[in-house]
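Notes for the one structure printed next.
The values are calculated or read from the model by the stated rules, or taken from the named source; none is laboratory data. What you are looking at is a predicted structure, and each value in this text was computed from that prediction instead of being measured. Here Cβ is always computed from backbone atoms with ideal geometry, including for glycine, and neighbour counts include all displayed protein chains. The protein model used for the area step is the full one, side chains on, heavy atoms only, and it has no ligands, DNA or RNA in it. Shrake-Rupley method; radii C 1.70, N 1.55, O 1.52, S 1.80 Å.
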Amino acid sequence: MSEEKRSLVKSVKDSIVSTVKGVGEITDAVVDTVSGSLVNAVKRTGAMGAALTVAISEVVRGAVHGVAEIGADIGGAAKGAVIGVLRGTKEVGGEALDAVSATAAAVVKSTAEVGGDLGSAAKGAIEGAIAGAKALGLSAEEAASAAATGALKAAGEIGSAATVQVRNAVTGTIAGVKVVLKEPFQSRKEK
């Protein structure tokens with residue numbers, strides 16, 4: 001990992017730890033930290049497209065690691081991370097649904113790194129996608145689907161047990177929205 005990425009992850013992690021210890025409310029702390037950190041990273045680097053996805057991944061990783069360090073609720077953090085990324089993406093002009101999918105994937109991968117509950121993280125990411133989409137006037141159903149698909153894709157990269165855990169958590173209705181999985185997961189080699 002480059003020094004710049006390591007610095008971004010550490011900065012977000014430290015901010016989460018200090019903010020949550022001071023405030024105690026995990027979701028709002030993560031929303032504000034993730035949104036601000038993402039906007040600053042994009043403005044500093046001009047990152048868009050694939051570079052924006054990398055910035056999202058690093059910011060979310062820092063947030064999840066910070067939450068894990070203080071033992072806070074990973075589901076609430078996941079929800080806050082998606083809302084924060086949506087706000088940040090809106091501010092810098094990124095594609096919202098791609099950002100939601102990338103964020104949910106980063107949440108699942110980062111949660112696996114810290115040994116957290118993947119199901120809770122995935123469900124929290126979908127709740128964040130729904131809340132963030134509604135706040136920004138986007139389709140809650142499309143946002144939920146993008147989050148579920150991103151989370152499931154990341155779980156598939158982790159392993160079969162992770163895939164089962166995430167699939168069970170994201171199947172059905174969450175926060176009043178029917179979640180529809182779109183599974184482009186079969187590799188071309190398997191055909």
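Multiplying the residue separation of residue 51 and residue 73 by 0.36 nm and subtracting their alpha-carbon distance yields 5.1 nm.
Relative contact order, whole percent, for the chain stands at 19, derived from Cα pairs under 8 Å and 6 or more residues apart.
First obtain the Kirkwood hydrodynamic radius of region 39-93 from its Cα pairs, then insert it into the Stokes-Einstein equation at 25 °C and 0.890 mPa s, and state the resulting D in µm² per second as a whole number.
211 µm²/s
For region 37-140, the solvent-accessible area works out to 36 Å² per residue, with a probe of 1.4 Å and every protein chain left in place. The convex hull built on the alpha-carbon positions of the chain has an orientation-averaged projected area of 10.3 nm². Once backbone amide H atoms are built at 1.01 Å from N, residue 174 has 179 as its partners under 5 Å, excluding neighbours fewer than 5 places away on the same chain.
Highest mean packing comes first when the peptides 136-149, 68-81 are listed by Cβ atoms within 10 Å, giving 68-81, 136-149. Semi-axis lengths, largest first, of the ellipsoid equivalent to region 85-191 are 22, 15, 14 Å, with √(5λ) applied to each eigenvalue of the Cα gyration tensor.
For the pair residue 168 and residue 134, the difference between a 0.36 nm per residue extended length and the Cα-Cα distance amounts to 9.8 nm.
The lysine pair count for region 37-178, using Cα distances under 23 Å and pairs eight or more places apart or on different chains, is 16.
Rounded to the nearest 10 square angstrom, residue 61 shows an accessible area of 60 square angstrom against a 1.4 Å probe.
Computed from the Cβ-Cβ distance with R0 of 35 Å, the FRET efficiency linking residue 43 to residue 180 stands at 0.50. Across the accessible surface of the chain, with the other protein chains kept in place and a 1.4 Å probe, carbon and sulfur atoms take up 49 percent.
Please work out whether region 92-140 counts as rounded, prolate or oblate from its C-alpha gyration tensor, where a ≥ b ≥ c are the square roots of the eigenvalues and a/c under 1.5 means rounded, while otherwise a/b larger than b/c means prolate and anything else oblate? It comes out oblate by the Cα gyration axes. Only helices enter the 222 nm calculation for the chain: every DSSP H run of n ≥ 4 contributes -39,500 (n - 2.57), and dividing by all residues gives -26500 deg cm²/dmol, rounded to 500. Across region 72-89, the residues whose backbone nitrogen lies under 17 Å from the label position 7 Å along the beta-carbon direction of residue 142 are 86-87, 89.
Who wins for biggest fluctuation among 27, 103, 19 in a Gaussian network model of the chain, springs between alpha carbons below 10 Å? In the Gaussian network model the winner is 19.
Please check: in the Gaussian network model of the chain (C-alpha springs, under 10 Å), which one of 26, 174, 126 has the largest mean-square fluctuation. Looking only at 26, 174, 126, the largest GNM fluctuation is found for 174.
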